[in-house]
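Here's the structure, in structure tokens; my notes come after.
The values are calculated or read from the model by the stated rules, or taken from the named source; none is laboratory data. Predicted model only: the values in this text are computed from it and were never measured. Here the Cβ positions follow ideal geometry from the backbone for every residue, glycine too, while neighbour counts run over all protein chains shown. Ligands, DNA and RNA are excluded from the accessible area calculation, which covers all protein heavy atoms including side chains. Shrake-Rupley method; radii C 1.70, N 1.55, O 1.52, S 1.80 Å.
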Amino acid sequence: MQELPKVQVEEWAKSTQGSLRILAFFALSLVTWDCGPSPQPSDSAPDARGCGDWPSRSGERFVSLDGASKFEVEPFFVARQGDLAIAWESSGCDDLTRVGYTRRNATDEFDKPRYLASPKGQMASNVTLARDGAGSLFVAWASWTPGPDLAQPHLQASDIHIQFARWGAGASGFDTPIELSEPIADALYDKPWMIVSADDLIVVSYSDLKRGGILAVSSSDGGASFQRSVVDPTVANLSASCPDGRPGGAFVTYFANRSIRVAHTADGGLTWSTP
């Protein structure tokens, strides 16, 4: 092999120094998740193996991870009138994902994380939160059956449904979940997004990957009952919505046919404008 001149070797070392650091970082990151007892970590190197308590470092507060979960992803938070709630997808040591959640109390401390399981033992993901003016908190998410690859359960996921639960003002936690989507066989609903309008109307948008379209459900009685509507019947996904500041008014935007579309409702989700 031809020997490189000293100057070239030095320049090569300098140019690869950052890459070697990155590779070292990823090598350290590729640690097998272990649900056994965790070693005592120092404040400068928190335990990242999961299923053990993480210490908080200066200026940080961990509000999610505890001994019941391996890791958390896809956080969502809502704040209104001093009330702050956070929810996320939590992967448990039993390889089941659930809705993890916490809420800040009157003393400015977060409650111990709690978990909301999907009906029928399904997985949970795509968590979204909303809160009304009376103090009721709402959560919606997608429940699904994992694919055959246990290392990547989201691949070939099936039987996806949209779930909803209500934490009424003054209550101690969420009620039993109910399904918002139409309960068809082997459904493929996806990506819920929930908002509360200026007059406390709940609107949840989501997609129907099996039959096509962006759908919405709305409730004017705090989640006691819902009605469904069609925003767009064409093949679409990835909806997101926001209130327009007026009673019964909301926008929803989403991806369809290589474009970003937007639709509007002025009657609480009963009808939607042409996208």
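Let's test the formula: R0 of 22 Å, r as the Cβ-Cβ distance of residue 246 and residue 81. What FRET efficiency results, to the nearest 0.05?
Values: r = 20 Å, r/R0 = 0.90.
E(calc), rounded to 0.05, equals 0.65.
Quick one: accessible area per residue over the range 110-242, 1.4 Å probe, rounded to a whole number of Å²? It would help to have the intermediate numbers written out before the result.
Values: 5540 Å² over 133 residues.
Accessible surface, normalised per residue, equals 42 Å².
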At a 1.4 Å probe, what is the % contribution of carbon and sulfur to the accessible area of the range 169-275?
-> 57
Solvent exposure, largest accessible area first (probe 1.4 Å, DNA, RNA and ligands not counted), of 86, 178 | 178, 86
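Using packing as a proxy for protection, rank 199-206, 132-139, 70-77 so that the peptide with the highest average count of other Cβ atoms within 10 Å comes first.
Values: 199-206: 24.1, 132-139: 18.5, 70-77: 16.2.
Highest-to-lowest ranking by the protection proxy: 199-206, 132-139, 70-77.
List the trypsin sites (Lys or Arg not before Pro) within the range 117-200 that fall in a DSSP loop (any state other than H, G, I, E or B) and whose Cβ has at most 11 other Cβ atoms within 10 Å.
Values: sites: 120, 131, 166; in loops: none.
Here no loop site has a sparse enough neighbourhood.
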Scattering from the C-alpha atoms of the range 126-208 alone, worked out with Debye: what is log10 I(q)/I(0) at q = 0.18, 0.21, 0.25, 0.27 1/Å?
-> -0.78, -0.95, -1.16, -1.25
q = 0.13, 0.19, 0.20, 0.22 Å⁻¹, the range 87-171: log10 I(q)/I(0) [Debye, one scatterer per Cα] | -0.46, -0.86, -0.92, -1.05
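Considering all alpha-carbon pairs of the range 67-136, what whole percent are spaced by more than 19 angstrom?
Numbers: 855 of 2415 pairs.
Distances greater than 19 Å cover 35 percent of the Cα pairs.
I need to check one value: relative contact order of the range 87-152, counting alpha carbon pairs closer than 8 Å and at least 6 residues apart, in percent.
On the way: 103 pairs, mean separation 16.9, N = 66.
26 percent.
Rounded if a/c is under 1.5, else prolate if a/b beats b/c, else oblate: with a ≥ b ≥ c from the C-alpha gyration tensor eigenvalues square-rooted, which is the range 150-275?
Values: a/c = 1.97, a/b = 1.09, b/c = 1.80.
Since a/c reaches 1.5 but b/c is at least a/b, the shape of the range 150-275 is classed as oblate.
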If each K or R counts +1 and each D or E counts -1, the residues other than residue 235 whose Cβ falls under 13 Å of its Cβ total +1
